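Below: one structure, written as structure tokens.
The values are calculated or read from the model by the stated rules, or taken from the named source; none is laboratory data. Nothing here was measured: the structure is a model prediction, and the numbers come from that model. Glycine also receives a Cβ, built like all others from the backbone with ideal geometry; neighbour counts cover every protein chain displayed.
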Amino acid sequence: MSAALPPSADEQVLTNFGYKPQLARRMSGFGNFALSFSVISVLSGCMTLFYFGLNTGGPAVMIWGWTVVGLMVVFVGLALAEVTSAYPTAGALYFMAGKLRGPRWAHYTGWFNLLGLLGGMAAGPYGCALFIGAWLNLSYGFSPTPVKTFLIFAGLLVLLAVMNLFGVHLVSMLNSISVWWHLGGVAAIVAALVFIPDHHQSAGFVFGEFTNNTGWGNPFYVGLLGLLLAQYTFSGYDASAHLSEETERAQTAAAKGIVHSIVWSWVAGFILLAGLLFAIQDYNGTINSATGVPPAQIFLDALGPSMAKILLLVVIIAQIFCANAGMTSASRMIFAFSRDGALPFARKLRRTSLRTKTPVNAVWLAAIVPLLLAAPALFSTTAYTAITTINVIGITPAYAIPIFLRLRRGKQFKPGTWHLGRWSKPVGWIAVIWVAFVTVLLCLPSVSPITVDTFNYAPVALVVMLALAWAAWHWGLRHDIVPEYGTARERDRMAEEIV
């Protein structure tokens, strides 16, 4: 009988945390970066929120807001990357919180993160379905009714689940393609908008034009609200942490994946927004576009129908890449949370395929829950908007919790191979303060007068998430969050067959 191979450094780190390696470690550092870059997806976030930006501050706030918010998110990413390097597990944010403060912090952080990720899986693919409907309308006269849009959305979720079931190698390959698709797509869109139109807006318009169609009279307040275009886009980069158990040299690669994905998205998004704003031919016509998608109207006005269809298709494919990466991140969070006994039917949800090492049941749950969350869109756009608010209001505070707890630990915190050194404390406090500020901003009303249709449901979503987390804690769904390595329970679990 041959001797067993010694565990790799990555597996040893995981074992030291009390976990048996179950997932296939086949993702490179570039693949890890590509995952978060794809989830952020400037071709998804910037495009779907362009209407919001045009009305809430206009070009000046869109451009300068992107610059300022991007810088602040870099601080958040740096601080989160340092904690990720110390605790590279699929549970990511909640595992970090548990290690730094205990099970109750882990539990609440985990529920915020999980519900945020599932809300994103409702918002992202549904937004993609809207773009597909607009493209079909331009190409074939298709009428995108709510029922038809929902069916497209459902089909997308099935497609994403199937792609994820083939294993992390395919996921990594698709995300690597996604990076070049996004960068090439931004370059192609901006180049077309620069060289083809006969008319462009002035630099004074792009960098100085302020527009307020919110109904609020205070321009400073409106400018603050306009920052949310960028903040909504810069989310999901915790995906690098969630895939750390499938990444080689995870302590360094996952940390770098977070930071690099933010920085490159920051640069690419600035170029994209500038290109779109310079190419606007009719501002009011763009806002009131019959397509329902202002960027599509810019393409139509500046480039003509044929080129508009091509570029819309580029955006749609990028959005599918984004949603695919989001599915991967959400399913790993479900797997990790189930592995620690924090979800109903945990024994089934933590099972992995013997062939692909993929958490099959977790993948399907990451498709089914968003389908249910988006079901109100069949009857009310407002109800759907309220539900998908869960994405940002859930995931944004979850980023700050492990950073804050790491700061409280001070010198007791044992950093990983990637760390900030003496810059850890100032970077961390900037990150925490920014997230606290943005969380308040997310809860403010963005349109006046406030009606049922214009009400900001973010505070309601925040209360609902807290209530769900509280109920789950008191129902006993908290048993092994952050397991104690070597306990009888953990040894029994490690001996459990993988099916």
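Okay, here's what the table says:
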quantity: Residue among ARG350, ARG355 that alone is in contact with a Ser or Thr (Cβ under 9 Å, 6 or more places away or on another chain) and among the basic types (Lys, Arg); calculated: ARG350
quantity: Filter result for the condition that a residue is out of contact with any Lys or Arg (no Cβ under 9 Å at 6 or more places or on another chain), aliphatic (A, V, I, L, M), in a helix (DSSP H, G or I) and touching a residue at least 24 places away in the same chain (Cβ under 8 Å), over ILE280, ILE262; calculated: ILE262
quantity: Any hit, region 112-125, residues being outside any helix (DSSP H, G or I) and touching a helix residue (DSSP H, G or I) at 6+ places or on another chain (Cβ under 8 Å); calculated: no
quantity: From ARG351, ARG332, ARG355, residue being of a type in the set (D, E, K, R) and outside any loop (DSSP other than H, G, I, E, B); calculated: ARG332
quantity: Residue ID - farthest from ALA377 (Cα to Cα), chosen from residues in region 131-153 that are in contact (Cβ under 8 Å) with a residue 24 or more places away in the chain and surrounded by fewer than 17 Cβ atoms within 10 Å (Cβ to Cβ); calculated: SER139
quantity: Any hit, region 421-430, residues being over 16 Å from GLY77 (Cβ atoms), over 17 Å from the mean Cα position of the chain (by Cα) and modelled with pLDDT of 95 or more; calculated: yes
quantity: Residues of region 406-426 classified as in a helix (DSSP H, G or I) and surrounded by fewer than 21 Cβ atoms within 10 Å (Cβ to Cβ), total; calculated: 12
quantity: Hey, ALA60 on the phi > 0 side of the Ramachandran plot and of a type in the set (A, V, I, L, M) or not; calculated: no
quantity: Residue in region 83-111 that is surrounded by the fewest Cβ atoms within 10 Å (Cβ to Cβ), counting only those that are touching a Lys or Arg at 6+ places or on another chain (Cβ under 7 Å) and of a type outside the set (Ser, Thr, Tyr); calculated: PRO103
quantity: Candidate set from region 269-313 (those that are among the small types (Gly, Ala, Ser) and within 17 Å of TRP64 (Cβ to Cβ)); member that is surrounded by the most Cβ atoms within 10 Å (Cβ to Cβ); calculated: GLY269
quantity: Residue check for VAL168: more than 25 Å from PHE131 (Cα to Cα), in contact (Cβ under 8 Å) with a residue 40 or more places away in the chain and touching a Gly at 6+ places or on another chain (Cβ under 9 Å); calculated: yes
quantity: Qualifying residue in region 33-52 (condition: over 24 Å from TYR19 (Cα atoms), surrounded by 23 or more Cβ atoms within 10 Å (Cβ to Cβ) and in contact with a Leu (Cβ under 6 Å, 6 or more places away or on another chain)); calculated: yes
